[in-house]
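Asker: Questions regarding the structure given below will be posed in turn.
The values are calculated or read from the model by the stated rules, or taken from the named source; none is laboratory data. Model, not experiment: these values are computed from the prediction. Cβ placement follows ideal geometry from the backbone for every residue including glycine, while neighbour counts extend to all protein chains displayed.
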Amino acid sequence: MGKASDKMIPDCDVIVVGSGFAGIYALREARRRGFHVRGFEKAPDVGGTWYWNSYPGARCDVASYYYAYFFDREVVRQWNWSNVCAGQEEIQRYLRFAAEHCGIVDLISFNTTVRSATYSDDTGLWAVETLAKETLAKETGANETVLCRYLILAIGALSEPKTPDIEGVQNFAGEMYFTSYWPKDKVVDFRGKRVGVIGTGSSGVQVIPEVAKVARDVHVFQRTANYVVPTLAGPMNPAIVSSLRENPDAVRGKLRQTYGGNQPLNIGKHRFHELDEAGRLAALERAWEGHYVALAFWDAHLPEANAAISDFVRGKIRELVRDPRTAHRLVPWDHPLGGKRVCQSDIYFQTFNEPNVKLVCLRETPIESVTRDGITTSAETIPLDVIIYATGFDAMSGPVLAIDITGMNGLSMKQAWADGPMNYLGTMVNGFPNLFLPSSAMSPSVFSNMATLAEQQIDFIFDTVSWLEERGSARIHPRADSQKRWREETLQSAKRRPGALTTKSWYSGANVPGKPRVFMVYCGGFKRYHDACSAEVEGGFPSYELLPPAVST
Ligand code: N01
C-alpha cells in the first residue's frame, strides 16, 4: 500500500512533466531556486499544446503582447511577434527560444511519456515511471523509474484528445487527421480532395477556411452552431511593444490584478443601462468593427448585456452568410455567447459562401456512421477522401487521469476523482502530497490568459516548495474541507457567468460521454484567485495539512 519503491533516496528533488508554458517556466524556476530537477516530455520538442495542434490556420486568439512570458526581461526584449494573433508555428518557436534562453532544454527527456506516478507513505517520495518511444528505448534502454520529492504535472488542460464517439471511425479507407495531433512528418495536401470536417469549435473554425481554400469540396459536419467573432489579428503596435519592454515585472504584476490575466486592447466605454436602444446598437457596431464585440459594454457580463451581444452576433451571421438556410443553421440558438468558448475568425462564415463548402447540420441529419468511403448521415452517404476530426478534448481532468496516479494509502486519482475533479486552488489534491497540477481544473484556466496563469501558478507552487524546504522537506496537501469549499466557490462563481451552467460544454465535462458533470473553471477572476493563493503563502498555508518529513529524506 503506497509502497512505490524500496529506494529511500530520491534521484532528484523535482520532476516536471510537460514543456509548454507552465513546464518550461517550472524547470527554470526549479533550477534557479537550486533544486536538482528533471523534465519529461512526450513530444520531440517543447511547446505542449502549441507543438501538437499544428493544423492549418492554428493561431492564438489572445493578443501576443500578453500571451507571453514576463519573468525574464531579455525574453521580453529579444522576441518580436509578427502579428497580434501569432500563429502556431511562431508560438512554438517562441517557446523553444524561451527554453533555450533559460538553458533548460537539456534537463528534458523528450519522446518520453509518463505512465504512472506513485507516492510512498514510507519515504514520502514520488516514483515516476516513464516510457520512452520504442525506438529510443531500444537505443538507450531509456524507460526509467525516477524518484523525486516534488512532482509537477504541467501537462495542460487541453492535451488529451477526446476519442471520437462515432461509429465506424476505423473503417474509413481514406486519410484521417485530428487537429489535436496534426502530422509532423508530412505536409497534408488537400488539393483536389473531398474533405469532411467534424467539429465547429475553435479548432474547426480555424481549420475549415484553410482547407476550403484548396480542397475540391468541404463538408462541414456541425452539431452545435457557435458564436464566431472577428479576431484581433493585425500588425503589432510598436508603442505597446516598447511600453511592455520598459518594465516587464510591472506588466506581470498588473496582469495579475485583472479579471482575465490579460489587458483587453479595447472595451466598451458605456454601461449597458446607460444607453438607449440606438446607443446600444451603435456601441455594438463599434465593438464589432473594433474587434471587441464580446466586451461591447463596460459591464458585458450582465445577463441582459450578454443577451444583447448574443443577439447582435446572430444578426451578423445572417448578414455574412448569403444563403438564408445555411445562415439559419449557423446561428447559435441553444446557448448565450460565452456558454461555450467563443471562437474567433475573420473568414469563417464567409467560407460558407464558397461553392465548394457545404454545411451538414447534424441536429437535422445526425451522423450514423463513418464508412469505408465516407460519412453516412440519416439523410445521405457523403463520399470523402479525407476526414478531419476537430472533435475536441477530454479537458482538464482528462490529462491527469491518463496517468496512473496513486497517492497516500494507495488511493488512486481515479478513485479520488470518481465524481469529478476535486482540488484546492486548482493546484493540489487532498491525499496526494507534494503533487502539483498547474493548468488543471478549478483554476481561472481558459477564462484567463493561460500564459499569465502558467507563471502565476508556478510561482505559487515554488513558494509552497520553498516554504516546505524551510521546514525540513516536509510534505503538504490540502485538507478535504478546503477543497470542498473551493469546489463550492467555483460553482458559485459559475452561477454568475451567463450560460456557464446551462450550456453543454467541455467546461463541465458534457462533451465526453459518461464523464461526471462538474463545472471545472473558476470564474471568480484572476485577481481573486491570485489573492487566495497569496493569502495561503502569507498565512502559512492555513487550508493545508502539513505532514512531517519522512524519515529517509
Ligand atoms: O474542441 P471543442 P476544439 N459528432 O470541444 C464537435 C482551445 N483552442 O478543439 O459542440 C459531431 O471546442 C463538438 O460539437 P458539440 C479553446 O479553449 C483555442 O475546437 O459538442 N460533432 C464541437 O463542435 C477551445 O475551446 C484555440 O455539439 C462532434 C467540436 O466537435 C478548446 O481548445 C484554437 C462530436 C469540438 O469543439 C477546444 O477547442 C483551438 C461528434 N461525435 C482550440 N464530438 C485558439 O486559441 C465532438 N463534436 C484560437
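Asker: I need the full set of residues from segment 377-411 which are of a type in the set (S, T, N, Q) and buried (at least 17 other Cβ atoms within 10 Å of the Cβ), in order please.
Answerer: Hits for segment 377-411 are THR377, THR391, SER397, THR406.
Asker: A further question on this structure: Specify the residue that is farthest from VAL293 (Cα to Cα); the eligible residues are those in segment 344-394 that are in contact with a Leu (Cβ under 8 Å, 6 or more places away or on another chain), within 12 Å of the ligand (Cβ to nearest atom) and among the hydrophobic types (A, V, I, L, M, F, W, C).
Answerer: Looking at residues that are in contact with a Leu (Cβ under 8 Å, 6 or more places away or on another chain), within 12 Å of the ligand (Cβ to nearest atom) and among the hydrophobic types (A, V, I, L, M, F, W, C), I get ILE375.
Asker: State whether the residues of segment 21-35 include one that is of a type in the set (Phe, Trp, Tyr), in contact with a helix residue (DSSP H, G or I) (Cβ under 9 Å, 6 or more places away or on another chain) and away from the ligand (no atom under 16 Å from the Cβ).
Answerer: yes
Asker: Could you give me the residue pairs with C-beta distances under 8 Å whose first residue belongs to segment 505-517 and is within 13 Å of LYS162 (Cβ to Cβ) and touching a residue at least 60 places away in the same chain (Cβ under 8 Å), whose second residue is more than 8 Å from the ligand (Cβ to nearest atom) and of a type in the set (Lys, Arg) wherever it lies, and which are 6+ apart or on separate chains?
Answerer: Final answer for the pair search is GLY509/LYS515; GLY509/ARG517.
Asker: Further question on the same structure: Which ones in segment 261-304 are in a helix (DSSP H, G or I), in contact with a helix residue (DSSP H, G or I) (Cβ under 9 Å, 6 or more places away or on another chain) and in contact (Cβ under 8 Å) with a residue 40 or more places away in the chain?
Answerer: Matches in segment 261-304: TRP288, VAL293, ALA294.
Asker: Could you say which residue among ARG28, ARG33 is surrounded by fewer than 17 Cβ atoms within 10 Å (Cβ to Cβ) and touching a Phe, Trp or Tyr at 6+ places or on another chain (Cβ under 8 Å)?
Answerer: Answer to the selection: ARG33.
Asker: Is it the case that some residue within segment 198-210 is within 16 Å of the ligand (Cβ to nearest atom), assigned to a helix (DSSP H, G or I), in contact (Cβ under 8 Å) with a residue 24 or more places away in the chain and in contact with an Asp or Glu (Cβ under 8 Å, 6 or more places away or on another chain)?
Answerer: Within segment 198-210, one or more residues are within 16 Å of the ligand (Cβ to nearest atom), assigned to a helix (DSSP H, G or I), in contact (Cβ under 8 Å) with a residue 24 or more places away in the chain and in contact with an Asp or Glu (Cβ under 8 Å, 6 or more places away or on another chain).
Asker: Output the number of residues of segment 470-494 satisfying the condition of being surrounded by fewer than 18 Cβ atoms within 10 Å (Cβ to Cβ) and either at pLDDT below 95 or among the small types (Gly, Ala, Ser) (or both).
Answerer: 4
Asker: PRO324 passes all but one of (1) without any contact (Cβ under 8 Å) to a residue 12 or more places away in the chain; (2) within 13 Å of the ligand (Cβ to nearest atom); which number fails?
Answerer: It is condition (2) that PRO324 fails.
Asker: Under 9 Å between Cβ atoms, which residue pairs at least 6 apart in sequence (or on different chains) link something in segment 343-362 that is touching a residue at least 60 places away in the same chain (Cβ under 8 Å) with a partner that is aromatic (Phe, Trp, Tyr) and within 14 Å of the ligand (Cβ to nearest atom)?
Answerer: Filtered contacts from segment 343-362: CYS343/TYR227; LEU359/PHE221; VAL360/PHE221; CYS361/PHE221; LEU362/PHE221.
Asker: While we're on this one: Restrict the check to segment 506-516 and report whether at least one residue is outside any loop (DSSP other than H, G, I, E, B), within 15 Å of the ligand (Cβ to nearest atom) and surrounded by fewer than 23 Cβ atoms within 10 Å (Cβ to Cβ).
Answerer: Yes, some residue in segment 506-516 is outside any loop (DSSP other than H, G, I, E, B), within 15 Å of the ligand (Cβ to nearest atom) and surrounded by fewer than 23 Cβ atoms within 10 Å (Cβ to Cβ).
Asker: Considering only residues that are buried (at least 24 other Cβ atoms within 10 Å of the Cβ) and within 27 Å of the chain's Cα centre (by Cα), look in segment 212-224 and name the one that is nearest to the ligand (Cβ to nearest atom).
Answerer: Going through the qualifying residues, I end up with PHE221.
Asker: If you scan segment 36-53, which residues turn out to be at negative phi, in contact with a Ser or Thr (Cβ under 9 Å, 6 or more places away or on another chain) and within 16 Å of the ligand (Cβ to nearest atom)?
Answerer: THR49, TYR51, TRP52, ASN53
Asker: Would you mind finding the one in ALA225, ALA239, ALA250, ALA173 that is more than 26 Å from ASP373 (Cβ to Cβ), in contact with an Asp or Glu (Cβ under 9 Å, 6 or more places away or on another chain) and hydrophobic (A, V, I, L, M, F, W, C)?
Answerer: ALA225
Asker: Also, I was wondering about something else. In the list ASP189, ASP165, ASP122, which residue meets the criterion of being over 30 Å from GLY431 (Cα atoms), away from the ligand (no atom under 16 Å from the Cβ) and not in a strand (DSSP E or B)?
Answerer: Criteria check complete, one pass: ASP189.
Asker: Determine, yes or no, whether THR179 is at pLDDT below 95 and within 16 Å of the ligand (Cβ to nearest atom).
Answerer: Answer is no for this residue.
Asker: Among the listed residues ASN247, ASN237, ASN171, ASN266, which satisfies the condition of being surrounded by fewer than 16 Cβ atoms within 10 Å (Cβ to Cβ), over 27 Å from VAL400 (Cβ atoms) and within 16 Å of the ligand (Cβ to nearest atom)?
Answerer: ASN171
Asker: I've got another one for you. What is the residue count in segment 179-202 for residues that are surrounded by fewer than 18 Cβ atoms within 10 Å (Cβ to Cβ), of a type in the set (A, V, I, L, M, F, W, C) and closer than 23 Å to SER505 by Cβ?
Answerer: Adding up the residues that qualify gives 0.
Asker: Filter segment 58-88 down to residues that are near the ligand (Cβ under 9 Å from one of its atoms) and either β-branched (Val, Ile, Thr) or part of a loop (DSSP other than H, G, I, E, B) (or both), then give me how many there are.
Answerer: Looking only at that region, the number is 6.
Asker: If I ask for residues that are among the aliphatic types (A, V, I, L, M) and not in a helix (DSSP H, G or I), which ones from segment 454-486 would you list?
Answerer: Listed by number, the residues that qualify are ALA474, ILE476.
Residue by residue, here is whether (1) touching a helix residue (DSSP H, G or I) at 6+ places or on another chain (Cβ under 6 Å); (2) over 30 Å from PHE436 (Cβ atoms); (3) at pLDDT 95 or above holds:
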{"site": "ARG372", "(1), (2), (3)": "yes, yes, yes"}
{"site": "ILE388", "(1), (2), (3)": "no, yes, yes"}
{"site": "ILE403", "(1), (2), (3)": "no, no, yes"}
{"site": "LEU411", "(1), (2), (3)": "no, no, yes"}
